[in-house]
Amino acid sequence: MRGTSWLRVLVATLLLLAAAPATAGAASLRPAPVVLLPAFHLAKLTVNVSGQTSAPDCPRSGSFEDWYLNDRPSTVFRQVCQDRLLTLRYDADRTGPVPSRLSEQQGVTVRLKEYGSTRSAPFYEPLYRSLEAAGLRRGRGIRVAGYDSRLTPDLGGFLSRTRELVENTYRANGSRPVHLIGHSNGPLYAQYLLTHRTLHRRPARLPLTSPGGTP
């Protein structure tokens, strides 16, 4: 993710798609709304810690944010502490389904910060600005379906949460089909969404980019 050439290509491609009518017979050339599924570790997570005992040499309570290129890293929780507290617990009892055997460390809760907002994934700021220049509005025609990259898309409420965001975006934009944008790991989550949950309306187009990631 160090280079930016892929982002320039993505922006150019999406501007062409966004400027096109959502349907062949559409009279309006208003850009179609987009929902972005970001790459691995690019959605902001807020981690709250309350009385944890799994890492005795780390603070028992407090909070920190976890996301790539975090410009305000915690001064309380060292990186090794963050990693230990974010490591999922696994119950070896095989009598239950695998999803039910995974859990957070005791005293740790994790949530997506500012879900749906472009603020939740600031890495894509050049993309957001380009889409705004094409006529889309943040919070209405540009939305971000972030996810906890520690979890597979069958965990953590990904399906219901993302379906609701896509359909709300559809309704907020005059029932116009939504373009799903996936980057790196994002296409895997988009594919899972489309194959495991019926949307009331299918996206008009599904631009997916995967430099060094998902084919």
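The values are calculated or read from the model by the stated rules, or taken from the named source; none is laboratory data. As the structure is a computational prediction, the values presented were derived from the model and not from experiment. With ideal geometry, Cβ positions are generated from the backbone for all residues, glycine too; neighbour counts draw on all protein chains shown. These area figures cover heavy atoms from the full protein model, side chains too; ligands, DNA and RNA do not enter into them. Shrake-Rupley method; radii C 1.70, N 1.55, O 1.52, S 1.80 Å.
Here are the numbers:
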item	result
Hits in the stretch 96-117 (condition: touching a Leu at 6+ places or on another chain (Cβ under 8 Å) and either among the charged types (D, E, K, R) or within 24 Å of residue 68 (Cα to Cα) (or both))	102, 103, 104, 105, 108, 110, 111, 112, 113, 115, 116
Residues satisfying the stated conditions in the stretch 83-92, i.e. touching a residue at least 40 places away in the same chain (Cβ under 8 Å) and either more than 25 Å from residue 119 (Cα to Cα) or open to solvent by 30 Å² or more (accessible area, probe 1.4 Å) (or both)	88
Residue check for residue 106: in contact (Cβ under 8 Å) with a residue 24 or more places away in the chain, open to solvent by 30 Å² or more (accessible area, probe 1.4 Å), over 14 Å from the mean Cα position of the chain (by Cα) and more than 15 Å from residue 39 (Cα to Cα)	yes
Counted residues, the stretch 45-58 - those being open to solvent by 30 Å² or more (accessible area, probe 1.4 Å) and either touching a Leu at 6+ places or on another chain (Cβ under 9 Å) or assigned to a strand (DSSP E or B) (or both)	2
All positions within the stretch 66-82 that are outside any loop (DSSP other than H, G, I, E, B) and open to solvent by less than 80 Å² (accessible area, probe 1.4 Å)	66, 80, 81, 82
The lone exception for residue 114 - which of (1) free of Cβ contacts under 8 Å to residues at least 12 places away in the same chain; (2) part of a loop (DSSP other than H, G, I, E, B) it fails	(1)
Every residue from the stretch 134-187 that is open to solvent by less than 10 Å² (accessible area, probe 1.4 Å), closer than 18 Å to residue 45 by Cβ and part of a helix (DSSP H, G or I)	158, 162, 186
Qualifying positions in the stretch 66-122 - hydrophobic (A, V, I, L, M, F, W, C) and farther than 19 Å from residue 52 by Cβ	67, 69, 92, 98, 112, 121
Restricting the stretch 109-121 to residues that are touching a helix residue (DSSP H, G or I) at 6+ places or on another chain (Cβ under 9 Å) and not small (Gly, Ala, Ser), the residue that is least open to solvent (accessible area, probe 1.4 Å)	118
Counted residues, the stretch 25-44 - those being open to solvent by less than 40 Å² (accessible area, probe 1.4 Å), hydrophobic (A, V, I, L, M, F, W, C) and touching a helix residue (DSSP H, G or I) at 6+ places or on another chain (Cβ under 7 Å)	8
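Here's the yes/no breakdown for (1) within 30 Å of residue 142 (Cα to Cα); (2) at pLDDT below 95:
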residue	(1), (2)
47	yes, no
55	no, no
60	no, no
76	no, no
85	no, no
101	no, yes
105	no, no
108	no, no
115	yes, no
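A quick yes/no check of all residues on (1) among the acidic types (Asp, Glu); (2) in contact with a helix residue (DSSP H, G or I) (Cβ under 6 Å, 6 or more places away or on another chain):
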residue: 78; (1), (2): no, no
residue: 86; (1), (2): no, no
residue: 93; (1), (2): yes, no
residue: 101; (1), (2): no, no
residue: 104; (1), (2): yes, no
residue: 140; (1), (2): no, yes
